[in-house]
Each structure stands twice: as C-alpha cells, then as structure tokens.
Amino acid sequence: MSTTGADRGATRAGTARTGAGDSDAGPAGATRAEICVVACAEAWRGDGEILAAAMGTCSILGARLARLTFEPGLLTTDGGALLTAEPVPIGAPAGPAEGWMPFRDHLWLVQNGRRHVMMGASQIDRYGNTNISAIGAWERPASQLLGVRGAPGNTICNPTSYWIPRHSTRVFVPEVDTASGVGTDRAARLGPRASRFHDLRRVVTDLGVFDFRAPDGSMRLVSLHPGVDAGEVAAATGFAIHGLAEPAEPAGPAEPGTGGEVPRTRMPTGEELRLIREVLDPGGLRDREVRA
Amino acid sequence: MATVVPLAEAVGNLVHDGDSVAMEGFTHLIPYAAGHEIIRQGHRGLTLIRMTPDLIYDQLIGMGCARRLVFSWGGNPGVGSLHRFRDAVQNHWPAPLEIEEHSHAGIANAYVAGASGLPFAVLRGYRGTDLPSRTPNIRPITCPFTGEELTAVPAINPDVAIVHAQRADRRGNVQLWGITGVQKEAVLAARRSLVTVEEIVEELEPRPGAVVLPEWAITHVSEAPLGSHPSYSAGYTVRDNDFYQAWDGIARDRDTFLAWMDENVLDRKAAR
C-alpha cells in the first residue's frame, strides 16, 4: 500500500547533502534513497549468519549491501526461494545458488529464529504495533489490505525491523486499526515467557531511523537523515516520538533520545555508493521508491 | 487410487456447491486451468482456502463462486492489490465475502495437522495480535509440559484440494519441483484431490528435491498443458509477468473484468 503525498505534514527539504562535519561522510550527492539503503543495511549490523528477509526495494538493497560490506555472513535470497551464493542485483536471476529455501522451510526458519525480517507496514503506532490487514472496521473495512501474512509469527519469533518509504501521518498513527504485528506494549502484556523472542529492532523511513528503546518501550529517535529537520518528522507522525524535540542546547556528544544535538544518519561511503549504483541497483529502482 | 480423466469431468466429479476448496501452489504451479473450469461450471458458495490468494482467487471471487475465504495474504504479486477481492470485502460485490485471516505458518501447520489426522496445530505466533478476536478458529492453548501459553488452530481438511504439477505417470503418481509450497500438505489433508499436470509420461525420472504425490493419495489427475498460466511450471513454461501487470487494469473495473472473463474463460472450453 503506498500512501499519497497529500497527507504529508511538510514539504520535503530537497535532497540530502553531505553534512559539514560528518566524519564518515562519503562523496557529496548521495540521494535520499541511497541514504535509506545504507540505513536499512545498518539494521542487520552484528547479526552474523542469519537470514536477512527483506521486503521493499531499499530494504532488499540494504540486506545485500550489508552482506557485501560489513556483514558478510548474512544469508540473502533472490527475492524468491533461492539463497544466492553472492548478493545479486535487484531483479536479476539468482546465479549460483547457495541453497534452497522453499516456502515450507522458510516457515520452519521463522519458528527457529535465525532470521531478521524487515517488513513494510500500512500503519504503525508508537509501540510498534503494525497493521497490514485492514483500514477501518475489520468487519467491513474501508480498505481491505493484503492480509497479515507472516507478521504474527515474525514479530513474536524473530528480530523484526520495518522499512517505511513514506513517513506520514497516514502510516504513523496513534493506534493501529488492526494489530497484525506485535508491538512492545502488547509483548510486555503477554509476559516474559511468551515474549522472550520478541525483538523489535528499528524502523527506517525516508526521514530517519527509530527504535523502541524509550523507557516505556515506545518509539525513539535514533537519527534523522541529513537534510531532515525534527519539525518535519513531528508533523508527519501522529504521536510524539521520544527524543525528537527540537534540540534544546548543543551540548556534548549526542546520545539518542537524550536531547542535545540531533543525531544524524551516516552518509554512504564512497564504496557503498559504488556498490549501490554500479552493482546492486544500476537501474535506479531505489529512486522510484524514495523521492529525491 | 487416482484415475486420469479430462479436466471438465474431474472438476464436475470433485467440486460441489458449498464445498471447501484449497488450491495451492506458491508463485509457481498455480492451478489456473482448474480454477477456470470451476468458474465455467458456475459453482457457488465455496469456501476458498489458500495461503497466498492471487489472481486465480480474484477471478473466482469476482465471478461470485466464493462465500468465504481463508487466507494469509491476498495480492497481485509484485503489482499491488486484488481489486475483485477488495470489492467483495469492502462493497459486497458481487456478493459478501466472509474472511478468516491467518498467518502463513498458521495455514501451513493447519494443513499438516489435517494431513496427520490430528485435530489442531500449535503455533507460537498470533499471540498479541488482534486475529484471535476475529475468529473462533484461533484459540489459546497451554502446553502440558512447560505451561507455556501457545495458540491452536483447527486442522484444515478441505473437501477438495487442487494443485498443478509438472508430470504424472499413467497410474496417477505425480512429481513436482521448483519452488514448492504446501501442495503435498494440502493434498494429503483433503478428502478429495485433483492434480492437473503439464504432461503425462510413461515413467517419472527421479529428480533431486522433487515432491512426489503417490497415486493412492490422489483422486483424479488431468492433463492441462499450460495449466498454470500466467504463473509458470518450472522446466515447461515461464511466468507471464506482463499479464500480472495487465490484470491490475482489467480487474480494477467491474465491467472490464466481466468482459475479460466472458471472452477468456466462459467462452472457452477446457483444454481437453
């Protein structure tokens, strides 16, 4: 489900530029989509040898980029049932296969837990409950969506992240109409035994990166993408995000959610840009998903 | 004991109004030819079961065959929504469609329970979501060994399971390979079953990774070359991606949809 631009809270501030003083900055001219790909890749950092199950263009590119750079042990697919020997360009044939992951085996893997999924969401609330089922009353919805698919199992069994290409109040709602993916508040209510595998990692959007590590388990700012200001994110979100308040005073090194300087998503390195542009997505599908 | 019969006869023998029908095949080997024959025979009141309803269920729903849908994901893969499915849920056109929504694993495990002769399947998922409040078919259960609260779903035993495969031999043993879904589970769980195949051969050559369905688990086999179009049958046909794109425009409008079905399904006979 794509959202329309009409409900966006603020006009976009144009393409991101390398921020002055960004020590990790790559070449100038990285697009917002490329920043998003790298932000998605970062979600799998430290995961080791597990399946990176990605949905959405920047998410798929991020998984493959992570494997090509800092997370070589990741298992990535061709988008279907093949585990590829090497990360392949998006939409390209699998090439040599490292293994088969037919649907039934994939479902066993979900139960087993060696998998970190990055899904989409049509709605997400402050505790990370998500909805891909129906908008409006479930009995006769205003909009019947695709269905809960793997969300109930994924969120309760596997590390789960979200990739949301258009951050807007239509998606970031105070309360989801139907909970198909489990958030931190519902997981806490289930108790430690039922929620012991529940692990919401992060939410990457076209505006920033968020996690659920506020003291009450609610959404917290990790970083804003270069060129995005906090007011823009607040206007595009239907609830308060912890740590998003305008910076009070420029004091000390920034810890997420502690005020002070707004943390910034890191820029792609030159090598990452080369891999994105020349190897993984020469056709520029990423720019169709995230507007410049 | 499987018998090899023409497709129209197989559907006529096996599918009755009001039946629960599971048509499986994931991405590939989707039994379109059999679905079209159900539409031509004008069946009504079906409970359609499928892990990932795509265009074939959009067509069955839009033609008024279904009363109820048991599913976990309904969409046009890589394209977007199923407009006939959405119209039925949102606007009750051409008839109201009751839905029972599960996770992928919920349906897969319910087939396994059905195939195993067990009354229910157990999952860790569903807890914390809103699904248990939507249907009596998702309920909590306590593990007798650990005390952990889990979720139970009743076994699925469809009246009829229908799948498409690459090959069968003349006795009705079936072989399928490539991206496999839950075809085996659905067929073994069903009371009656139909397998359509690309071709019938004298002998099934062993293939690594192939799924074999023995003839004693199958009711009818029908030869239906190209019977998975616009999906594909690995080794025989390729996926018609253009058709999946075109379907978005065809199905968006009720009249365009009905005209397409008239011309391409109702006015045609089964392949043989």
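Summary table
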| read-out | value |
| --- | --- |
| Unique residue being surrounded by fewer than 24 Cβ atoms within 10 Å (Cβ to Cβ), in contact with a helix residue (DSSP H, G or I) (Cβ under 8 Å, 6 or more places away or on another chain) and more than 25 Å from A:G56 (Cα to Cα) when the list is B:R40, B:R68, B:R44 | B:R40 |
| Which numbered condition A:Y127 fails, given (1) under 19 Å from A:G56 (Cα atoms); (2) out of contact with any His (no Cβ under 8 Å at 6 or more places or on another chain); (3) at pLDDT 95 or above | (1) |
| Subset of segment B:156-174 [small (G, A, S) and under 16 Å from the mean Cα position of the chain (by Cα)] | B:A161, B:A165 |
| Qualifying positions in segment A:159-194 - aromatic (F, W, Y) and either in contact with a Leu (Cβ under 8 Å, 6 or more places away or on another chain) or on the phi > 0 side of the Ramachandran plot (or both) | none |
| Enumeration of residues in segment B:17-33 that are touching a residue at least 60 places away in the same chain (Cβ under 8 Å), assigned to a loop (DSSP other than H, G, I, E, B), surrounded by fewer than 24 Cβ atoms within 10 Å (Cβ to Cβ) and in contact with a Leu (Cβ under 9 Å, 6 or more places away or on another chain) | B:D19 |
| Output for segment B:121-134, where each listed residue is in contact with a helix residue (DSSP H, G or I) (Cβ under 6 Å, 6 or more places away or on another chain), more than 24 Å from A:W138 (Cα to Cα) and either at the interface with chain A (Cβ under 7 Å from one of its Cβ atoms) or open to solvent by 30 Å² or more (accessible area, probe 1.4 Å) (or both) | none |
| Positions within segment B:208-257 being without any contact (Cβ under 8 Å) to a residue 40 or more places away in the chain, aliphatic (A, V, I, L, M) and surrounded by fewer than 17 Cβ atoms within 10 Å (Cβ to Cβ), in sequence order | B:V212, B:V238, B:A246 |
| Test set (1) modelled with pLDDT of 95 or more; (2) surrounded by 14 or more Cβ atoms within 10 Å (Cβ to Cβ); (3) within 24 Å of A:T160 (Cβ to Cβ) - A:F197 fails condition number | (1) |
| Test for B:N137: is it open to solvent by 10 Å² or more (accessible area, probe 1.4 Å), of a type in the set (S, T, N, Q) and within 11 Å of chain A (Cβ to nearest Cβ) | no |
| Residues that are open to solvent by 10 Å² or more (accessible area, probe 1.4 Å), facing chain A (nearest Cβ under 9 Å) and either among the small types (G, A, S) or outside any loop (DSSP other than H, G, I, E, B) (or both), drawn from segment B:92-111 | B:I99, B:H104, B:A105, B:N109 |
| Candidates A:E278, A:E261, filtered to the one that is open to solvent by 40 Å² or more (accessible area, probe 1.4 Å) and modelled with pLDDT under 95 | A:E261 |
| In segment A:96-130, the residues that are at the interface with another protein chain (Cβ under 10 Å from one of its Cβ atoms) and of a type in the set (F, W, Y) | A:W100, A:F103, A:W108 |
| Residue match in segment A:197-219 (condition: more than 17 Å from the chain's Cα centre (by Cα), more than 11 Å from A:G128 (Cβ to Cβ) and within 13 Å of another protein chain (Cβ to nearest Cβ)) | yes |
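Table: residues versus (1) under 27 Å from B:N109 (Cα atoms); (2) modelled with pLDDT of 95 or more.
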residue: A:M101; (1), (2): yes, no
residue: A:N154; (1), (2): yes, no
residue: A:R166; (1), (2): no, yes
residue: A:A187; (1), (2): yes, yes
residue: A:V204; (1), (2): no, yes
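The values are calculated or read from the model by the stated rules, or taken from the named source; none is laboratory data. Bear in mind that the values here come from a model prediction, so they are computed numbers and not experimental data. Because the Cβ atoms are built from the backbone with ideal geometry, glycine has one as well, and the counts that use them run over all protein chains shown. With ligands, DNA and RNA removed, areas are computed over all heavy atoms of the protein, side chains included. Shrake-Rupley method; radii C 1.70, N 1.55, O 1.52, S 1.80 Å.
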